[in-house]
1. Across the Cα atoms of segment 2-191, what radius of gyration and what greatest pairwise Cα-Cα distance (Dmax) are found, in Å?
2. Distance check, please: which entries in Lys2/Lys62; Lys136/Lys204; Lys184/Lys204; Lys74/Lys114; Lys54/Lys136; Lys74/Lys184 exceed 23 angstrom between their Cα atoms?
3. Give the residues of segment 59-100 whose amide nitrogen is closer than 20 Å to a point set 7 Å from the Cα of Val194 in the direction of its Cβ.
4. Which order do peptides 50-63, 121-134, 191-204, 19-32 fall in by mean Cβ count within 10 Å, highest first?
5. Out of all DSSP beta bridges with both ends in segment 60-211, state the antiparallel percent to the nearest 5.
6. Based solely on C-alpha atoms, express the radius of gyration and the Dmax of segment 48-117 in angstrom.
7. Which residue, Ala146, Val52, Tyr17, has the largest displacement toward the positive end of the dipole of the chain when charges sit on each Cβ (Lys, Arg +1; Asp, Glu -1)?
8. Where does each of 92-101, 181-190 land if you order them by average Cβ count within 10 Å, highest first?
Amino acid sequence: MKALLINGSPNERGSTYTALRYVAEALEEEGVETEIVQVPKTPIAGCIECRVCKATGANRCKADGDIVNVILEKAESADACVFGSPVYYAAPNGHLLSVLDRVFFAGSSLFEGKPGAAICAARRGGTTATLEVLQKYFTIAGMPIAPSTYWPMIHGRSAADVAQDEEGVQSMKMAGKTIAWLMKCIEAGKRAGVTYPAIPGGEKIWTNFIR
């Protein structure tokens with residue numbers, strides 16, 4: 001089993017990365033392989049809803065050449081995903097949101113039925129608002145959200161700072177444990193013939209409010 005972790009912070013070894021490492025270490029203790037993918041500092045375009053991805057059905061974004069299709073390729077073989085973001089103006093990092101908008105629009109089916117967890121790092125406030133935004137990607141893609149001992153947030157401006165947030169560290173580690181637990185439960189269910197449920201009626205219904 002493998003978990004894909006995305007570091008949405010432009011600081012490659014900052015507080016968000018450190019929080020993700022706590023999650024990764026807990027996953028590895030449970031026998032889960034981990035990989036942390038860094039969202040680059042270079043400009044990343046947001047989704048323009050060109051819908052080429054829907055027309056081709058390839059689970060890839062037409063705007064190739066950045067991290068988006070790399071993540072989609074890795075998601076095919078991953079069994080769980082963790083998204084980490086710093087808090088910017090009480091919200092996730094804009095770079096990460098541009099990535100996730102395109103990742104989930106182009107390849108939402110790659111994530112269906114796979115456990116997901118969002119974690120965030122902040123100096124002080126905006127954490128719950130940040131987590132709410134990130135977790136919506138999971139719910140629209142049919143991903144069970146892994147719980148923790150508290151909302152999975154950690155406080156500190158640097159890697160050294162977050163180590164002092166003992167409750168936050170524990171929350172990160174517990175998130176890793178529950179992700180692994182969900183992965184094992186899902187795998188055991190598959191072996192017992194329990195699969196992800198089909199959509200009632202066979203096809204997704206789209207209801208527009210204005211016709």
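Each value in this text was obtained by applying a stated rule to the coordinates, not by laboratory testing. Since the model is a prediction, treat every value here as computed from it, not as a measurement. Note: ideal-geometry Cβ built from the backbone for every residue, glycine included; neighbour counts use all protein chains shown.
1. 15.6, 49
2. Lys2/Lys62; Lys184/Lys204
3. 79-81
4. Numbers: 50-63: 14.5, 121-134: 18.2, 191-204: 8.1, 19-32: 19.9.
Ranked from most to least packed, the peptides come out as 19-32, 121-134, 50-63, 191-204.
5. 15
6. Cα only, segment 48-117: 12.4, 37 Å (Rg, Dmax).
7. Farthest towards the positive pole: Val52.
8. 92-101, 181-190
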